[in-house]
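Here the structure is laid out as structure tokens; the discussion comes afterwards.
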Amino acid sequence: MDTETEFGVPIPGRILPEAEWAKTGVKRLPLSGTLDWAAIFGRVAPVVLELGCGNGRYTLLSALARPEVDHFATDILPVVIRYATRRANQRGLHNVRFAVRDGESFMGAYVAAGSVSEVHLYHPQPYHDPKQAHLRLVTPRFLADVHRSLAPGGLFVVQTDNPDYWDYMTRVLPVFFDFHEQAADWPDAPEGRSRREVLARSRGLKIFKGFGHALTGLGRAEAIALAQVLPPPTFRSRGPWCDLDAIERQGG
Ligand SMILES: C[S@@+](CC[C@H](N)C(=O)[O-])C[C@H]1O[C@@H](n2cnc3c(N)ncnc32)[C@H](O)[C@@H]1O
């Protein structure tokens, strides 16, 4: 069978016969209260979150490779979630759910403390226009909420092709995580994890990637207090300016 592609980027997995499809879309999140992962997935398993998932390429890859792990991914843009959901459905991925939601309110309102094993953030929107800088997802408060959500030993993975965003992240991430910059190539490079990574590589852009486990001994009150005094992401984004930013807004 031909591989499904989107803007030349292969979509992982293959479309199954319709009888084997899954239902991975979460149409409505509850008005209040944290999500009960066991009730959502019908089993107790480690939970991996992806925020700003775009077309869901990383979540599809990870869910196919790790059927024993449950995956919940969100994006603010309904069109990309529509495509991601359809593809996960067609691949019979019962260990995946997609929902339309912004990353900060999702982490702040819906994810119980210590309830997830990994949080992944690939190429958060840099919002080049200074008037939109307040929309940037990686803020000290967001990081405090990611820290809170992780079970002991839990992992945060982040990457970007924006040098200014990376510079900001490398200053604030170590406050909450034992943060390591991934210096060399990683196992799924140069193929790439997310659509943005694949496209950025094809344009010769440098990918900045790092990971860290939630610091132990950092209590919630202290994390919130630190978040209040750390600098907000008001950096000036100098690029890279390229056609990719327009592509991000389409589901494919
Ligand atoms: C540059 S794209 C990267 C998409 C995907 N992670 C990838 O690497 O291919 C940024 C994505 O973040 C989404 N986004 C922007 N602001 C967001 C927010 N506050 N919360 C969640 N998603 C957001 C956009 O809709 C877009 O899909």
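Bear in mind these aren't lab numbers, they're just calculated from the coordinates by the rules spelled out. Since the structure is predicted, the reported quantities are computational estimates derived from the model, not experimental observations. Ideal geometry is used to build each Cβ from the backbone, glycine not excepted, and the neighbour counts take in all protein chains shown.
Mind telling me which of R141, R28, R97 comes out most flexible in a GNM of the chain, alpha-carbon contacts under 10 Å?
The residue that fluctuates most here is R28.
List the residues, sorted by chain then number, that are 5 or more residues from L93 or on another chain and whose placed amide H is less than 5 Å from its amide H.
A22
5 Å is the cut-off here: which amide hydrogens, built 1.01 Å from N in the peptide plane, fall below it relative to C53, excluding neighbours closer than 5 in sequence?
T74, D75
If the chain were replaced by its equivalent ellipsoid, with semi-axes equal to the square roots of 5 times the Cα gyration tensor eigenvalues, what would those be, largest first, whole Å? Before the final figure, lay out each step's value.
Numbers: eigenvalues 144, 108, 53 Å².
Equivalent ellipsoid semi-axes, largest first: 27, 23, 16 Å.
Report the net charge of residues surrounding L218, where surrounding means a beta-carbon distance below 11 angstrom and charges are Lys +1, Arg +1, Asp -1, Glu -1.
Result for the neighbourhood of L218: 0.
Residue by residue through the stretch 172-182, what is 3J(HN,Hα) from phi via Karplus (6.51 cos²θ - 1.76 cosθ + 1.60, θ = phi - 60°)? Round to whole Hz and write x for glycine and proline.
9, 4, x, 5, 10, 9, 7, 7, 10, 7, 7
What residues have an amide H closer than 5 Å to that of A112, excluding those fewer than 5 places away on the same chain, when H is modeled at 1.01 Å from N in the peptide plane?
Excluding prolines and chain starts, which carry no amide H, the hits are L35.
What list of ³J(HN,Hα) values in whole Hz, one per residue of the stretch 13-21 in order, does the Karplus curve 6.51 cos²θ - 1.76 cosθ + 1.60 (θ = phi - 60°) give from phi, with Gly and Pro shown as x?
Karplus values, whole Hz, x for Gly and Pro: x, 9, 6, 8, x, 4, 4, 9, 5.
Please state the charge dipole magnitude for the chain, taken about the Cα centre, from unit charges on C-beta atoms (+1 on K and R, -1 on D and E), reported in debye and rounded to the nearest 20. Working shown, then result.
Numbers: 29 positive and 28 negative charges, 95 e Å.
In total the dipole reaches around 460 debye.
Using θ = phi - 60° and the Karplus relation 6.51 cos²θ - 1.76 cosθ + 1.60, list the HN-Hα couplings for the stretch 108-124 in order, rounded to whole Hz, with x at every Gly or Pro.
x, 10, 10, 10, 5, 4, x, 9, 10, 9, 8, 10, 10, 9, 10, 6, x
Counting only chymotrypsin sites (Phe, Trp or Tyr not before Pro) that are in a DSSP loop and have at most 14 other C-beta atoms within 10 Å, tell me the longest site-free stretch of the chain. Kindly include the intermediate steps, with their values, before the conclusion.
Working: sites that count: F7, W241.
With chymotrypsin sites (Phe, Trp or Tyr not before Pro) excluded where exposed in loops, the chain gives 8-240 as its longest stretch.
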